[in-house]
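Here the structure comes first, spelled out in structure tokens, and everything after it is commentary.
What follows is calculated from the coordinates using simple rules that are stated; it is not laboratory data. Fair warning: this is a prediction, and the values are worked out from it, not measured in the lab. So basically every Cβ, Gly included, is an ideal-geometry build from the backbone, and we count neighbours across all protein chains shown.
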Amino acid sequence: MKTKNNIVKISFRDKTYGWNHYHIKIEYIDGTIDRIPSNKNIFMKVFLKDLVLRPSCYHCKAKGVNNQSDITLGDFWGIQKVLSQFSDDTGVSLVILNNQKGKAFFDSLLSHFSFVQSKYSDAVKFNPALEKSAVCHIDRSQVFEKLNDETLHYIEKQYANQKLSKIKTSFVYRVVRKGYRIFTRCFTHIFTTSPSQKIDSFKESNTFAVKNLDTQEIAKSSSGGVFSVLARSILQQHGVVFGVQLSSELYVEHICIQDEQDLEKLRGSKYVQSDMHSCYAKAKEFLQDNRKVLFSGTACQILGLKKFLGKDYPHLFTVDVVCHGVPSPKVFKKYIEEKSAHLY
Ligand SMILES: Cc1cc2nc3c(=O)[nH]c(=O)nc-3n(C[C@H](O)[C@H](O)[C@H](O)COP(=O)(O)OP(=O)(O)OC[C@H]3O[C@@H](n4cnc5c(N)ncnc54)[C@H](O)[C@@H]3O)c2cc1C
Ligand code: SF4
């Protein structure tokens, strides 16, 4: 499709109508704005139905006990049930301190937060992505074949919609599908998740519901705006921060910032696999120069960084986001092209 891209900005987690009803916000070159609830947006639907994740997300090797980052950040889903007095529709972060280094870093910034202690075992009940991989959709390979010829609208209607086509409501299809789901769940459980008895006591007693005290910053962040506080603290110590931006070309990529003014580029979740470029090598150079480095990303990206570095640096701080999985950049590109052409 050769349509001029007329979209200038996309926010995946616009909270104008509240954290619990987040929208995808699309800004066009002519100044018009589209806000679509995430459960109605075609891109978010194919993402959340696990149709277009990268293959490794279906058997993630970086979750649970394999997580190697110092701090894990997520949305505190289920806060109404676990800590109702702290529930807030502007957004509440789930903060898990995975080790002493993460704890010391978080403790040094407590004056910037309001927070309540929780338990890891409570948080995981409402956020299974902490421990469990997404289950691969039975039609995933078909979807990727169809992507070359069909629109995302067609894919969504055909594969992500509850209203299945006639064949899909047939008895045989349902039996095969159910069997496949049971098999993949068992496989995932045995090989890629960490059973609850493996939850370490450190995490259990170092899990918090947290809100940034700066409400404007919460509004611009996906959940409770904790990342901004961690990042600013490192920048103010002449450190550097690595994280993910959506470029002006609408490309999702890892970048490095050294200035507080650039922090807004990293704020907010971008639900696409990021291009790491040469960020691992750059981080190593800064560490060798004795600069403080905060590296943020998904748990597998933190695992990759640690492997690349090959040794521990006391002035390296790592933060991962709880990760449902990342959609393929190819699908996001297709979405932008089709949305620009006003196909839906
Ligand atoms: C692909 C993806 C899936 C997620 N799935 C879940 C989930 O299932 N459950 C849950 O509780 N939370 C999930 N999150 C995390 C959640 O959306 C927030 O990012 C997190 O709570 C931090 O919010 P914040 O308000 O502290 O900061 P924010 O400012 O909103 O977060 C910014 C941080 O997210 C990082 N980031 C943004 N996009 C990406 C990306 N594509 N890849 C790697 N890092 C990225 C930035 O580098 C920065 O560290 C997911 C995030 C992403 C990116
Ligand atoms: S992107 Fe997320 S789910 Fe996929 S492999 Fe990495 S950490 Fe696991």
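Shown in residue order for the range 270-275 are the 3J(HN,Hα) couplings computed by the Karplus curve 6.51 cos²θ - 1.76 cosθ + 1.60 at θ = phi - 60°: 10, 7, 8, 5, 8, 7 Hz (x for Gly and Pro). Spatially, the range 312-344 and the range 6-33 are offset by 16 Å when compared through their Cα centroids. Computed from backbone phi, the HN-Hα couplings of the range 11-21 come to 10, 6, 10, 7, 9, 3, 9, x, 5, 6, 10 Hz, rounded to whole numbers (Karplus: 6.51 cos²θ - 1.76 cosθ + 1.60, θ = phi - 60°; Gly and Pro given as x).
Amide H contacts of VAL8: GLU27, TYR28, ILE29, each under 5 Å away and 5 or more positions distant or on a separate chain (H built 1.01 Å from N in the peptide plane; Pro and chain starts excluded). Just for the chain, what percent of DSSP beta bridges are antiparallel, to the closest 5? Among the beta bridges of the chain, antiparallel pairing accounts for roughly 70 percent. Site-free segments of the chain were taken between GluC sites (Glu not before Pro) in DSSP loops having at most 15 other Cβ atoms within 10 Å, sites themselves excluded; the longest one is 1-149.
The Rg/Rh ratio for the chain, using Cα coordinates for both the radius of gyration and the Kirkwood hydrodynamic radius, is 0.96. Pairs LYS270/LYS334; LYS270/LYS311; LYS40/LYS220; LYS9/LYS330; LYS282/LYS311: which exceed 25 Å Cα-Cα? Table pairs above 25 Å Cα-Cα are LYS270/LYS311. In this structure, the amide hydrogen of SER118, modeled 1.01 Å from its nitrogen in the peptide plane, lies closer than 5 angstrom to those of THR207, PHE208, ALA209, counting only residues at least 5 positions away or on a different chain.
In the distance distribution for the range 207-344, Cα-Cα pairs more than 18 Å apart total 58 percent. Once backbone amide H atoms are built at 1.01 Å from N, GLY268 has SER222 as its partners under 5 Å, excluding neighbours fewer than 5 places away on the same chain. Restricting the chymotrypsin sites (Phe, Trp or Tyr not before Pro) of the range 8-107 to loop positions (DSSP other than H, G, I, E, B) with no more than 14 neighbouring Cβ atoms within 10 Å leaves TYR17. The stretch between GLN236 and LYS101 holds 46.7 nm of extra length on full extension. This uses 0.36 nm per residue minus the Cα-Cα distance. Rounded to the nearest 500, the helix-only mean residue ellipticity at 222 nm of the chain stands at -9500 deg cm²/dmol, with each DSSP H run of n ≥ 4 adding -39,500 (n - 2.57). Rounded to the nearest 0.05, what FRET efficiency do ASP34 and LEU109 give with R0 = 22 Å and r taken as the Cβ-Cβ distance? Could you check? The value I calculate is 0.05. Could you tell me which of the pairs LYS132/LYS157; LYS45/LYS284; LYS15/LYS63; LYS45/LYS81 are separated by over 30 angstrom between their Cα atoms in the structure shown? In this structure, LYS45/LYS284 exceed 30 Å between Cα atoms. Each residue of the range 254-263 was assigned a 3J(HN,Hα) from its phi angle through the Karplus expression (A = 6.51, B = -1.76, C = 1.60, θ = phi - 60°), giving 7, 9, 10, 10, 10, 10, 4, 4, 8, 4 Hz with x at Gly and Pro.
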